[in-house]
1. Looking for whichever is farther than 14 Å from Ile58 by Cβ, assigned to a loop (DSSP other than H, G, I, E, B) and either free of Cβ contacts under 8 Å to residues at least 12 places away in the same chain or not hydroxyl-bearing (Ser, Thr, Tyr) (or both) here; the options are Ala151, Ala172. Which one fits?
2. Looking only at region 85-101, filter to residues that are open to solvent by 20 Å² or more (accessible area, probe 1.4 Å) and part of a helix (DSSP H, G or I); which one of those is nearest to Ala192 (Cα to Cα)?
3. Are there any pairs with C-beta distances below 8 angstrom linking a residue in region 83-100 that is without any contact (Cβ under 8 Å) to a residue 24 or more places away in the chain and over 11 Å from Leu183 (Cα atoms) to a residue that is open to solvent by less than 30 Å² (accessible area, probe 1.4 Å) and β-branched (Val, Ile, Thr), with the two at least 6 apart or on different chains, and if so which?
4. Taking region 124-150 as the region of interest, how many residues are at pLDDT 90 or above and out of contact with any Phe, Trp or Tyr (no Cβ under 9 Å at 6 or more places or on another chain)?
5. If you scan region 102-148, which residues turn out to be surrounded by fewer than 16 Cβ atoms within 10 Å (Cβ to Cβ) and touching a strand residue (DSSP E or B) at 6+ places or on another chain (Cβ under 6 Å)?
6. Does Gly184 satisfy the criteria of being among the small types (Gly, Ala, Ser) and in contact (Cβ under 8 Å) with a residue 60 or more places away in the chain?
7. Mind checking which pairs have a first residue in region 65-82 that is among the charged types (D, E, K, R) and a second that is surrounded by 13 or more Cβ atoms within 10 Å (Cβ to Cβ) and not in a loop (DSSP other than H, G, I, E, B), Cβ under 6 Å, 6 or more apart or different chains?
8. Which one of these is within 22 Å of Asp60 (Cβ to Cβ) and without any contact (Cβ under 8 Å) to a residue 24 or more places away in the chain: Ala103, Ala134, Ala119, Ala110?
Amino acid sequence: MRARASGFQPGPPNGPELTAALANAPQEVTSAEPVSRLSLARQLRGPLEDLVLQHPEILDASDFACDDEDIDRIEDALGYPLPDEFRSLLRLTDGGVLRGPHAIAHLATADQLAEWAGAGVHQDLESIPFAHDAAGTVLVIDGKGEWGGAAGAVYRLRTARRAPGRAPVRDAVRLADSLGALLGHLAAGRDAF
């Protein structure tokens, strides 16, 4: 876990992608110049990174990004790998806010994700919770394709309480076939959650 002291400005995430990106970085970037996550994303250029770079209004990134150690910790707690697009998002931001035209969703941090996984929340929900809004709606990724969609599909999950002794009612609506598709809906200005 990274220390987060006041005024601390973390660098980009570490790992093989960083090493490769920095090895191919333009000459005008020197070690004295800070490298932002977005400039690193420009170098890595996966589809999700491209989308966030072209539409920065859909993501208010936190000041931190997850590194391989953070992602490994989450996956160890889950017991299975995270979908690739979710890994890409975590490498851009550890927490933050997804912005739609009429709603926002708060992204969980690596610490929250690992804590929830360690507590078995992903088993209770049969999915990976990754964001929530003020109304109690949770966005989840069906990491194993158990809800009828493809593995990696994103759902909005609302849980309503019933009378004591009765099981809660869950209302799940598939929002997109993947996290990248969800961000694409946001970029197009559609209400996605």
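The values are calculated or read from the model by the stated rules, or taken from the named source; none is laboratory data. Just so you know, these numbers come straight off a predicted model, no measurement behind them. Note that each Cβ is placed from the backbone with ideal geometry, even for glycine, and that neighbours are counted across all protein chains shown. Remember, those area values only see protein heavy atoms, side chains included, never the ligands or the DNA or RNA. Shrake-Rupley method; radii C 1.70, N 1.55, O 1.52, S 1.80 Å.
1. Details: Ala172 fails: assigned to a loop (DSSP other than H, G, I, E, B).
One residue alone meets the criteria, Ala151.
2. Top of the filtered list is Glu85.
3. As it stands, the answer is Arg87/Ile71, since those pairs meet every condition given.
4. Here the count works out to 1.
5. Result: Ile104, single match.
6. Details: among the small types (Gly, Ala, Ser): yes; in contact (Cβ under 8 Å) with a residue 60 or more places away in the chain: yes.
Yes; evaluated as a whole, the condition is true for this residue.
7. Asp70/Ala110; Arg73/Ala114
8. Result: Ala134 is the single residue among Ala103, Ala134, Ala119, Ala110 that is within 22 Å of Asp60 (Cβ to Cβ) and without any contact (Cβ under 8 Å) to a residue 24 or more places away in the chain.
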